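The values are calculated or read from the model by the stated rules, or taken from the named source; none is laboratory data. Since the structure is predicted, the reported quantities are computational estimates derived from the model, not experimental observations. Here the Cβ is made from the backbone with ideal geometry for all residues, glycine too, and neighbour counts use every protein chain on show.
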Amino acid sequence: MTTHTNSRAGATAHPSVRAPGARYVYDLSEGNAGMRALLGGKGAGVAEMQRIGLPVPDGFTVTTAACVAAMEDDGAWPGGLWDEILTHLATLERRTGRTLGAAERPLLVSVRSGAVVSMPGMMDTVLNLGMSDRAAQGLAAESDDPRFAWDTYRRFVQMYGEVVEGVPGQAFEDELTALKDRRGVRRDAELTADDLRELVKTFRGVVRRSTGHDLPTDPHDQLRRAVDAVFGSWNSPRARVYRELNEIPDDLGTAVNVMQMVFGNKGDTSATGVCFTRNPATGARERYGEFLLDAQGEDVVAGTRTPRRLPELESVLPGVYTQLLDTLDRLEQHYQDMQDVEFTIDDGTLYLLQVRTGKRTAAAALRVARDLVAEGVIDRPTALRRIDPAQLDQLLHPTLDPAQATTPLTHGLNASPGAAVGTLVFDADTAAERGGAGEDVVLVRWETTPDDIHGVAAAQGVLTAHGGMTSHAAVVARGMGKPCVAGAGELRIDVAARTLAVGDTVLTEADTITVDGTTGYVYPGALPLVPPQVTDDFATVLGWADDVRRLGVRANADTGEDAVRARELGAEGVGLCRTEHMFMATDRLPVVQRMILADTTEDRQAALDELLPVQQADFEEIFTAMTGLPVAVRLIDPPLHEFLPDLVEQSLLVQRLEADGTPGELERARTLLAHVRRLSEANPMLGTRGVRLSLLHPEIGVMQTRAIVRAALAVRGRGLDPRVEIMVPLVGYAEELRRMREIVVATADGELDAAGVTDLDYRVGTMIELPRAALTAGEIAEHADFFSFGTNDLTQTTVGISRDDAEGSFLAAYLEAGVVRTNPFASLDADGVGELVRIGVERGLRTRPGLETGVCGEHGGDPASIALLDELGVDYVSCSPYRVPVARLAAAQARLDGAPGEA
Ligand code: PEP
Ligand code: MG
């Protein structure tokens, strides 16, 4: 058997013994929606539709288990698989009264991939399989339509050539374009039967030249190799990228669906299309979809022809249109969720080819959830369980300020909402490279293909000249929450020259554009964006989440602005204010440096006196935004050298000044270098930072405590209600906290006494971010009013991995090789760090019943970690303001998972 370039699974039957009774192929009538794991989403969906009496083409499914078995055995098929396929094929032939590829009444089949988790367009499909000269004659005679027969044949050669033989698709497109040019026609539909017959010959020549052999004419041979190619497409680069992006396990495999072909390309009584039971961009309850007359399935998704909107079908084929709407209603009621359906109309008869839960934007997810609950279709817990917390992030993307919109450059379809600003990039690799490096880019393509997925992922937004609302670009962009304008027909894109033109305006790679996926307009230049607004749907659904969750949700906020935003998004306080961030601002850094470099106590105090009112002003803003809610302010944490220039850079500066600087400049640079040297450490992460720094230089903590208390007093003076928590970082020994607490309390009480205030409460607590702190939490709790687990440092010090050093090097390699399954800095390491949190909470509570515990590391915004933290019994999580809604929903789901169906 030949091996195929694009297939990792080889088609050789393997003599391995199968477990008795194990089977790899199921007839359509044997399946149902519950068999998804085995039959894949498509196989199970089609079987279910047949079961409830909807019109689907007949066929059978090769299971995911067969694909997995082949992958595990280097591509060799499990023994007996081919015989099983032949048996099911024979049954299908009997039922349809047709024979695969025969000269008379030929059966043609589609061979489609279908994984357990939907991966739209990522794997391969071959249509019209069974085609040959013989079958084409048979089809022409039977249909009395030679044009249809040859059109079907040329489609087969092209798809089989691309998918099974690995011939580049462009080779076929070029021949098709050349033929149309020779005939002087623009549309495929204008080619005659003879033209298409000629095209088949040309296409077969393309395959021969590219592979060195003829296209197989034996239909069984075709089938066997197509199934093998579909198995192999599970491991195609684009499928791998998609799985990585969507965290789909690599070992699930794909099922292969073999179904009798129905034809959407039989002229104007035939069509193919895709539709949703609701609008997947907004969630509105309306018919949403597209179709193409006289076309086959891939034409719609591939975006090669711009399709017509679904409601137009009513005037073309009214009877079928009504039947389709009816079917959509039935499917939505059956699955109790928004569905996405592929259909074909074969000479006036409707067939459904696929049904799946519709992918939707976050806005649509909320709207659909809210509406389905209001319609009495599902209950609130079900609605909450269905929304992917990570997707909520999308809603928090900026949009275009309508007041700022200028004259648009052009417009297309509003395929995926939100606005994006970026420089123009014309290919996916460049987008991936520049976007990956942190640049804002907009990927501009004539149309995108599944191979562009890495570019879409790295871009801010996508703009295509071609394709519709269900084109690849649109589907993928919506799934990722990227703004997308599709099918902007006026665009003239020259990929080689890297230009984009509309009329006389020509833009190049140096230009920036703004795409508004909400309206479909495209603007030259960078337009100002406005922060996202909290909608009614958002507030309602997250309100349901709030009713269910046990965990509190606070935000990590360092500025008043962050705190305001966080509160709007539902934060119940600030869990971490990293005060040193305020030191980094350009107007403050020189003062901070003066403080660090001071030779005398007086000089140091002078610098601190200058910093105090600045810090106080920052805290006032935060206390104001969070009035009535707790704000945990952390005393300085990082080592002092972080506020000074880098050692190497400063050494180079001294060298340079030795050559050409003035004596004064040189002197200053040398002094600074000496300080940098003195403060530099081999392992700063484990060095003079956190409470150690404050005990060494108590005057910094004193200044910060004063600033905090004075800010609270000032805010209270304005009639507000500041709730002060002062937090000591990186404590490892109870004695450290005891001493630091003494300093803080003495300072705070001094401030309150001086102000004559006796009723302003404040609490002093500690971060638990060292294993020793977790293990000795019982002693530490004697001096702490609250605990906040700093799981970033706790992870670094527990697993002994420096985050900054590891993520770009061995940790990435570990993840790739499966040494560790998840990045412990992104998702809490349950067995190690999780255990320490459990111990810390338990021992802390034993000493001080009622002790409040929170988590303020990155994990506080990660749904999987939140589920674990809920179980570990901490009181709240704290995350960045934009993650607050994610955390609210994840915290609710953590409760629901434990008690399905209960609110
Ligand atoms: C932590 O260590 O988890 C933490 C929140 O502190 P930082 O990230 O500032 O070190
Ligand atoms: Mg920390």
Which listed residue is within 13 Å of ligand 1 (Cβ to nearest atom) and at pLDDT below 95, from Glu816, Glu807, Glu858: Glu858
The lone exception for Ala748 - which of (1) crowded, with 20+ Cβ neighbours inside 10 Å; (2) farther than 23 Å from Leu770 by Cβ; (3) within 44 Å of the chain's Cα centre (by Cα) it fails: (3)
Identity of the residue in segment 189-204, assigned to a helix (DSSP H, G or I) and exposed (fewer than 15 other Cβ atoms within 10 Å of the Cβ), that ends up farthest from the chain's Cα centre (by Cα): Asp194
The listed residue being in the same structural domain as Val633 (by TED's automatic domain parsing), more than 16 Å from ligand 2 (Cβ to nearest atom) and either over 30 Å from Asp250 (Cα atoms) or of a type outside the set (S, T, N, Q) (or both), out of Asp753, Asp793: Asp753
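Conditions (1) more than 16 Å from ligand 2 (Cβ to nearest atom); (2) of a type in the set (Gly, Ala, Ser), marked per residue:
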| site | (1), (2) |
| --- | --- |
| Gly832 | yes, yes |
| Val855 | no, no |
| Glu858 | no, no |
| Asp862 | yes, no |
| Ile866 | yes, no |
| Leu872 | yes, no |
| Leu889 | yes, no |
Among (1) within 13 Å of ligand 1 (Cβ to nearest atom); (2) under 24 Å from Asn823 (Cα atoms) - the single one Phe787 does not satisfy: (2)
Members of segment 105-147 found to be in contact (Cβ under 8 Å) with a residue 40 or more places away in the chain and acidic (Asp, Glu), listed by number: Asp124, Asp133, Asp145
Looking only at segment 201-219, and only at residues there that are among the small types (Gly, Ala, Ser) and free of Cβ contacts under 8 Å to residues at least 40 places away in the same chain, the one that is nearest to Leu108 (Cα to Cα): Gly205
Qualifying residue in segment 878-897 (condition: away from ligand 1 (no atom under 14 Å from the Cβ), surrounded by fewer than 20 Cβ atoms within 10 Å (Cβ to Cβ) and of a type in the set (Gly, Ala, Ser)): no
Some residue of segment 658-669 being in contact with an Asp or Glu (Cβ under 8 Å, 6 or more places away or on another chain), touching a residue at least 40 places away in the same chain (Cβ under 8 Å) and aliphatic (A, V, I, L, M): no
Candidates Glu735, Glu699, filtered to the one that is in contact (Cβ under 8 Å) with a residue 60 or more places away in the chain, out of contact with any Gly (no Cβ under 6 Å at 6 or more places or on another chain) and surrounded by fewer than 17 Cβ atoms within 10 Å (Cβ to Cβ): Glu699
Val819 within 23 Å of Leu695 (Cα to Cα), more than 16 Å from ligand 2 (Cβ to nearest atom), of a type in the set (A, V, I, L, M) and surrounded by fewer than 22 Cβ atoms within 10 Å (Cβ to Cβ): no
Residue tally, condition under 16 Å from Val633 (Cβ atoms) and among the charged types (D, E, K, R), over segment 722-755: 4
Identity of the residue in segment 461-475, touching a strand residue (DSSP E or B) at 6+ places or on another chain (Cβ under 8 Å) and either assigned to a helix (DSSP H, G or I) or not assigned by TED's automatic domain parsing to the domain that holds Gly489 (or both), that ends up modelled with the lowest pLDDT: Ala473
Residue within segment 598-608 that is out of contact with any Gly (no Cβ under 8 Å at 6 or more places or on another chain), within 16 Å of ligand 2 (Cβ to nearest atom) and closer than 27 Å to Val728 by Cβ present: no
Among the residues listed as Asp599, Asp562, the single one being within 16 Å of ligand 1 (Cβ to nearest atom) and either out of contact with any His (no Cβ under 8 Å at 6 or more places or on another chain) or without any contact (Cβ under 8 Å) to a residue 12 or more places away in the chain (or both): Asp562
Filtered residues of segment 810-820 (kept if within 23 Å of the chain's Cα centre (by Cα) and either of a type in the set (Ser, Thr, Tyr) or under 21 Å from Gly436 (Cα atoms) (or both)): Leu811, Ala812, Ala813, Tyr814, Leu815, Glu816
Restricting segment 758-775 to residues that are surrounded by fewer than 22 Cβ atoms within 10 Å (Cβ to Cβ) and closer than 14 Å to Leu730 by Cβ, the residue that is farthest from ligand 1 (Cβ to nearest atom): Arg772
Restricting segment 720-736 to residues that are assigned to a helix (DSSP H, G or I) and either touching a strand residue (DSSP E or B) at 6+ places or on another chain (Cβ under 9 Å) or not hydrophobic (A, V, I, L, M, F, W, C) (or both), the residue that is nearest to ligand 2 (Cβ to nearest atom): Glu736
Elements of type strands (runs of 3 or more DSSP E) in segment 402-460, at least 1 residues being touching a helix residue (DSSP H, G or I) at 6+ places or on another chain (Cβ under 6 Å) and of a type in the set (S, T, N, Q): 413-416
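Listed here are the residues, each with its yes/no results for (1) within 30 Å of Val355 (Cβ to Cβ); (2) outside the structural domain of Leu223 (by TED's automatic domain parsing); (3) surrounded by fewer than 24 Cβ atoms within 10 Å (Cβ to Cβ).
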{"residue": "Leu107", "(1), (2), (3)": "yes, no, yes"}
{"residue": "Tyr160", "(1), (2), (3)": "yes, no, no"}
{"residue": "Asp174", "(1), (2), (3)": "no, no, yes"}
{"residue": "Arg187", "(1), (2), (3)": "no, no, yes"}
Where Thr797 falls short, out of the listed (1) without any contact (Cβ under 8 Å) to a residue 60 or more places away in the chain; (2) within 14 Å of ligand 1 (Cβ to nearest atom); (3) of a type in the set (S, T, N, Q): (1)
Any pair with Cβ under 7 angstrom, 6 or more apart, that starts in segment 317-329 at a residue that is in the same structural domain as Glu290 (by TED's automatic domain parsing) and ends at one that is surrounded by 12 or more Cβ atoms within 10 Å (Cβ to Cβ) and part of a helix (DSSP H, G or I): Tyr321/Leu313; Tyr321/Glu314
Residue under evaluation Ala894, criteria (1) assigned to a helix (DSSP H, G or I); (2) of a type in the set (A, V, I, L, M); (3) more than 25 Å from Arg578 (Cα to Cα); (4) over 21 Å from the mean Cα position of the chain (by Cα), criterion not met: (4)
Any hit, segment 133-142, residues being on the phi < 0 side of the Ramachandran plot and under 43 Å from the mean Cα position of the chain (by Cα): no
Residue count for segment 642-672, restricted to those that are over 41 Å from the mean Cα position of the chain (by Cα) and either outside any helix (DSSP H, G or I) or among the aromatic types (Phe, Trp, Tyr) (or both): 2
Pair list, Cβ under 6 Å, 6 or more apart: segment 678-690 residue closer than 16 Å to Arg803 by Cα, other residue away from ligand 2 (no atom under 14 Å from the Cβ): Gly687/Glu681
